[in-house]
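Read-outs: derived from the displayed coordinates by stated rules, not from any lab. A quick note: this is a predicted structure, and the numbers were derived from the prediction, not measured. Cβ: placed from backbone, ideal geometry, glycine included. Neighbour counts: every protein chain shown.
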Amino acid sequence: MAYTITRGARPAAKKVVLYGPEGIGKTTFAAHFPDPLFIDTEGGSDPYDLARLPAPESWQMLAAELRQVLAEPGCCRTLVLDTLDWAERLCRDDLLARNKKTSIEAFGYGKGYVYLAEEFARLLALLEQVRGAGIHVVCTAHAALRKFEQPDELGSYDRWELKLTKNVTPLVKEWADLLLFANYKTVVVRSETGKDKAQGGSRVLYTSHHPCWDAKNRYGLPEELPFAYEPLAGLFAPMQAPAAAQDDGTLITMAPQPAAAPAPAVPPAPAQPPEAHAAPPPTAATAPASAAPDGFTVMPVSGDPEEASLPHLLAAGVPEALAKRMAEGGVSERCLTYVVSTVMGILPADMPLRSYPPDAVQDMLDAWDTVLAKVHEAFDDLPF
């Protein structure tokens, strides 16, 4: 089959994530987008005269409202989900209820946060369908000030981040075309008496990455803009009316699971890690299978056997006890560091295994069956 090569920019609806401290005006800002329809999870839009769907009371209700927008794409030109962090609460509550847990920590050793990210990824996939139907998607979120420490620098500093869990945050940042951070700009001046005083407090919009906040855009915007819709209006020019979207229901499964025999509940299959390319899973020929916790089947996951060999791992400086476990399971260093950093959110992604603190290595050894299961959840369908 021959494919046609095309050139040039293609008009498409935009995916916007706007976050900032409470009360700065995120909802007011979102209300200026073209013909907005709000899904208001926290009641922040109540004072405004705008179109809205009922506040979702459950994860399933939120999914149903998104599907209604897909079925009626002419109902709006912009869909506003206000806010993402409250939507994450609905996701978490549904996950706990379906698995009869009282806390996200009750799943054990980071499992709950992984399952939460997998389910939330299905919501992003559904929002992607809305965007594919020609409807702009604007998501608001609160900001949280957290301590951040660079692995190659001394000391730590405060940094503004999305008020979401560590596993969900990178999914949202990668999904967005524009990640915008709104904040108050304060200037510190020194008076004649030598005292420092804060002045200003104007609201600004940051569009590019900074050590103290996350932001990005794909449209060459200035790094700093007034916190107003007008500077962005040109990006949201009218588009052709979208055709009715066909939703086959395969990208999101936000519905109660049927009752099962008493056994540890296993949430839905994990979403594919960001920017990974699917490939046929490894075959049993690469090594014998062995039983793993929670019903997973353990197979070697490294496409290159050399990367998971004991001599290769020891030469890379991997602690011997950990290297032996990895070689037995066919796990390469890049697979394990991805899971430990991105999936479990325990250590920085750019920290090699040889630099892992001894206590972190021991924790992984003590919970190796769980760690190995997470590696296979993430990589069984990938080419490495």
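Please give the contour-minus-distance gain from Ala51 to Ala9: 0.36 nm per residue of separation, less the Cα-Cα distance, rounded to one decimal in nm.
Working: separation 42, 0.36 × 42 = 15.12 nm, distance 3.16 nm.
My answer for the length gained is 12.0 nm.
The protection proxy used here, the mean number of other Cβ atoms lying within 10 Å of each residue, ranks peptides 106-116, 65-75 as follows, highest first: 106-116, 65-75. Coupling constants for the range 3-19 follow from the phi torsions by the Karplus curve (6.51 cos²θ - 1.76 cosθ + 1.60, θ = phi - 60°), and in residue order they are 10, 8, 8, 10, 10, x, 5, 10, x, 8, 5, 9, 10, 10, 10, 10, 9 Hz; glycine and proline get x.
What ranking of Met364, Met61, Met1 emerges when the number of other C-beta atoms within 10 Å of each C-beta is taken as an exposure proxy, fewest first?
On the way: Met364 26, Met61 16, Met1 2.
Fewest-to-most ranking of Met364, Met61, Met1: Met1, Met61, Met364.
Across the range 30-45, computed HN-Hα scalar couplings (Karplus, 6.51 cos²θ - 1.76 cosθ + 1.60, θ = phi - 60°) run 5, 5, 8, 5, x, 6, x, 10, 8, 10, 9, 7, 10, x, x, 8 Hz from first to last residue, x flagging Gly and Pro. Assuming charge only on the beta carbon of Lys and Arg (+1) and of Asp and Glu (-1), the dipole of the range 15-236 about its Cα centre is about 280 debye to the nearest 20.
Shape analysis of the range 9-119 yields a ratio of the Cα radius of gyration to the Kirkwood radius, Rg/Rh, of 1.02.
Over all Cα atoms in the range 15-236, the spread is summed up by Rg and Dmax: 18.8, 65 Å.
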